[in-house]
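See below for the structure under consideration.
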Amino acid sequence: MFSKSFPFQSLFTLAHRRFLTSILVALVAMFGWGLAPALAAKDIPAVALSPTETITFTERELARGKKLFNANCAQCHVGGQTYPNPDVSLKLSDLEGATPPRDNVLAIVDYIKNPVTYDGVESLLEYHPNTQLISEYPRLRNLNDEDLKLIAGYILVQAKTLPGWGGTKSESHSDLAGYL
Ligand code: HEC
């Protein structure tokens, strides 16, 4: 004769195991959730947000920045070069040398809203794509501040991590097809 306690026992064990398993699953999920972005972020350098603050973008944010950059900027800035003015490229040393320096996220965002010459003296509103003259540059109309930040973040991370970003002054535009 079967012991009456048997089904209860097995039910208890089952519930017990399920309970333990769910704790394990929860732990793995919590760890994975907290750990995954931290691990990915380890390979992504912090960049300057302003002259005094830094910011670290996530992989996801940079992927979006890249997409927006490719759609709106790459036709003139492929590989960080500037066509047709290679002296004002998107490499860090060129961004740093501008007046005021453009080697941080907010300065680049500001440039896309209100571009000025390298010496900061003259407005390039009529000349460089920007979010002010939306009748001239209707495609930029849809970019909000967050989008502009992600584009700037993408530029700065590329400038920090990609050798050759911005090219050399003698490099021809067509040599950079590999960056696309
Ligand atoms: C039609 C071509 C064109 C497009 C599109 C374009 N740019 Fe430019 N960009 C230029 C040119 C030309 C210059 C150099 C202006 C000058 O002579 O000062 C420049 C300069 C810059 C600079 C200053 C670089 C430095 O070293 O000071 C930044 C930043 C910049 N562009 C960002 C962008 C971003 C971001 C986008 C996309 C939203 C974009 N540009 C789209 C042509 C373009």
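The values are calculated or read from the model by the stated rules, or taken from the named source; none is laboratory data. All values derive from a computational prediction rather than experimental measurement. Positions of Cβ are generated from backbone atoms using ideal geometry, with glycine treated the same way; all protein chains shown enter the neighbour counts. Accessible surface areas use protein heavy atoms only, side chains included; no ligands, DNA or RNA. Shrake-Rupley method; radii C 1.70, N 1.55, O 1.52, S 1.80 Å.
Provide the per-residue ³J(HN,Hα) series for segment 113-123, in order, calculated from phi with Karplus coefficients 6.51, -1.76, 1.60 and θ = phi - 60°, each as a whole number of Hz, with x at glycine and proline positions.
Those phi angles translate into 7, 8, x, 10, 4, 4, 8, x, 7, 10, 6 Hz.
Given H placed on each backbone N at 1.01 Å, which residues far from Val116 in sequence or on other chains put an amide H within less than 5 Å of it?
Under 5 Å from the amide H of Val116 lie the amide H atoms of Leu124, each far enough along the sequence or on another chain.
What percentage of the solvent-accessible surface of segment 47-179, computed with a 1.4 Å probe over protein heavy atoms, is contributed by carbon and sulfur atoms?
Looking at segment 47-179 in its full context, I get 53 percent from C and S.
Ordering Asp147, Asp119, Asp103 from largest to smallest accessible area (1.4 angstrom probe), what's the sequence?
On the way: Asp147 15, Asp119 90, Asp103 45 Å².
From most accessible down to least: Asp119, Asp103, Asp147.
On average, how much accessible surface per residue is there in segment 47-179, in Å², for a 1.4 Å probe, leaving out ligands, DNA and RNA?
Averaged over the residues of segment 47-179, the accessible area is 55 Å².
How do Leu124, Leu162 rank by accessible surface area computed with a 1.4 Å probe, from largest to smallest?
Largest accessible area first, the residues go Leu162, Leu124.
If I stretch the segment between Arg60 and Thr168 completely, what's the gain in nm (0.36 nm per residue apart, minus their alpha carbon distance), one decimal?
Computed gain between Arg60 and Thr168 is 35.9 nm.
Provide the per-residue ³J(HN,Hα) series for segment 144-160, in order, calculated from phi with Karplus coefficients 6.51, -1.76, 1.60 and θ = phi - 60°, each as a whole number of Hz, with x at glycine and proline positions.
Per-residue couplings from phi come out as 8, 4, 5, 4, 4, 4, 5, 4, 4, x, 4, 4, 5, 5, 4, 4, 7 Hz.
Each label point is 7 Å from the Cα along the Cα-to-Cβ direction; what then is the distance between the points at Asn114 and Ser135, in nm?
Taking the simple label geometry, Asn114 and Ser135 are separated by 2.1 nm.
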